[in-house]
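Data first, discussion second: the structure below is written as structure tokens.
The values are calculated or read from the model by the stated rules, or taken from the named source; none is laboratory data. The shown structure was predicted, so the numbers you read here are calculated from the model rather than taken from an experiment. Here Cβ is always computed from backbone atoms with ideal geometry, including for glycine, and neighbour counts include all displayed protein chains.
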Amino acid sequence: MKKIQIITIFPDMFKEVLSTSIVGRAMKKEVVDIVVHDLRKWTSDNHKTVDERPFGGGAGMLMTYEPIFKAVNELDPKHESYRIFTSPRGKLLKQAYVRELSCKENLLIVCGHYEGVDQRVIDNLMDTEVSIGEYVLSGGEIPAMVIVDSVTRLLNESLGNPESLTHESFDEEKYIEYDQYTRPEVIETSNGEKLSVPEVLLSGNHANIENWRKESAEKNSKKYKEINK
Ligand code: ADE
């Protein structure tokens, strides 16, 4: 079983996410073991301080080295986990990178906070920095959840098909799906217009349906490229 450990100053944020949906199911099936740790457990002062002002001045606070050092050494003493620090300046998380992470034996994710972290954490304790997108969030908890969710659903998938994780020719755009419809066959919009499902999907002709889906996926891929240029 793959183990994912998370170090955070907001452990409560993870409760719902880890007990619901795909991640919750994967935990129950023991596909993955996810453990959340409170960074403040590794502080030694009364205030449980995890941040300080930056040397050289400037706005904001930085996460300090000591508690992260102690936590990481206790939770991963032999450095057997792939250690990730969440940060907007990290490697962008795309589906191919998710797949790469899902092949690692264990993961240890440290959630970044405040205005950043003492650079020695990155240089001496971490293997990589991961960003979930080109925008700045107030903390690394949501990015950690994004990593856990995207990796876990691949692990789940691989249960039924062990080869899927070693598949080399991963097409970056394969996850762009064709349009889908379900019941009812006809819906009425607020201005009285009737919208029905494409005929072919009701035809029972599997070759035609396959063809329609392929074309729909191609159209969606093209549109995706256009709107993300
Ligand atoms: N922390 C703040 N913003 C982030 C982002 N976009 N990705 C990962 N960690 C972050």
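Considering only residues that are exposed (fewer than 11 other Cβ atoms within 10 Å of the Cβ) and either in contact with a Leu (Cβ under 6 Å, 6 or more places away or on another chain) or among the small types (Gly, Ala, Ser) (or both), which ones fall in the range 190-205?
The answer is SER190, GLY192, GLY204.
Would you check which residues across the range 37-52 are without any contact (Cβ under 8 Å) to a residue 12 or more places away in the chain and surrounded by 13 or more Cβ atoms within 10 Å (Cβ to Cβ) and list them?
LYS48
Working only within the range 22-32, note down all residues that are without any contact (Cβ under 8 Å) to a residue 12 or more places away in the chain and either loosely packed, with under 14 Cβ neighbours inside 10 Å or over 15 Å from the mean Cα position of the chain (by Cα) (or both).
Those that are without any contact (Cβ under 8 Å) to a residue 12 or more places away in the chain and either loosely packed, with under 14 Cβ neighbours inside 10 Å or over 15 Å from the mean Cα position of the chain (by Cα) (or both): MET27, LYS28.
Would you check which residues across the range 133-153 are near the ligand (Cβ under 7 Å from one of its atoms) and surrounded by 14 or more Cβ atoms within 10 Å (Cβ to Cβ) and list them?
If the condition is that a residue be near the ligand (Cβ under 7 Å from one of its atoms) and surrounded by 14 or more Cβ atoms within 10 Å (Cβ to Cβ), then LEU137, GLY139, GLY140, PRO143 are the ones that fit.
So that you can scan it fast, the table gives a plain yes or no per residue for (1) among the aliphatic types (A, V, I, L, M); (2) surrounded by fewer than 17 Cβ atoms within 10 Å (Cβ to Cβ); (3) outside any loop (DSSP other than H, G, I, E, B):
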residue: LYS3; (1), (2), (3): no, yes, yes
residue: ILE34; (1), (2), (3): yes, no, yes
residue: ALA59; (1), (2), (3): yes, yes, no
residue: ILE68; (1), (2), (3): yes, no, yes
residue: ALA71; (1), (2), (3): yes, no, yes
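Cβ-Cβ below 7 Å, separation at least six or inter-chain, first residue in the range 194-219 and under 10 Å from ASP179 (Cα atoms) and charged (D, E, K, R), second surrounded by 13 or more Cβ atoms within 10 Å (Cβ to Cβ) and at pLDDT 95 or above: which pairs?
ARG213/TYR178
Return the residues of the range 84-108 that are farther than 11 Å from VAL151 by Cβ and within 15 Å of the ligand (Cβ to nearest atom); say none if nothing qualifies.
Passing the criteria: PHE85, THR86, SER87, PRO88, ARG89, GLY90, LYS91, LEU92, LYS94.
Take the residues of the range 109-132 that are β-branched (Val, Ile, Thr) and more than 11 Å from the ligand (Cβ to nearest atom): which is nearest to ILE84 (Cα to Cα)?
Out of the qualifying residues, it is THR128.
Among what's in the range 73-83 and is without any contact (Cβ under 8 Å) to a residue 60 or more places away in the chain and more than 15 Å from the ligand (Cβ to nearest atom), pick the residue that is surrounded by the fewest Cβ atoms within 10 Å (Cβ to Cβ).
LYS78
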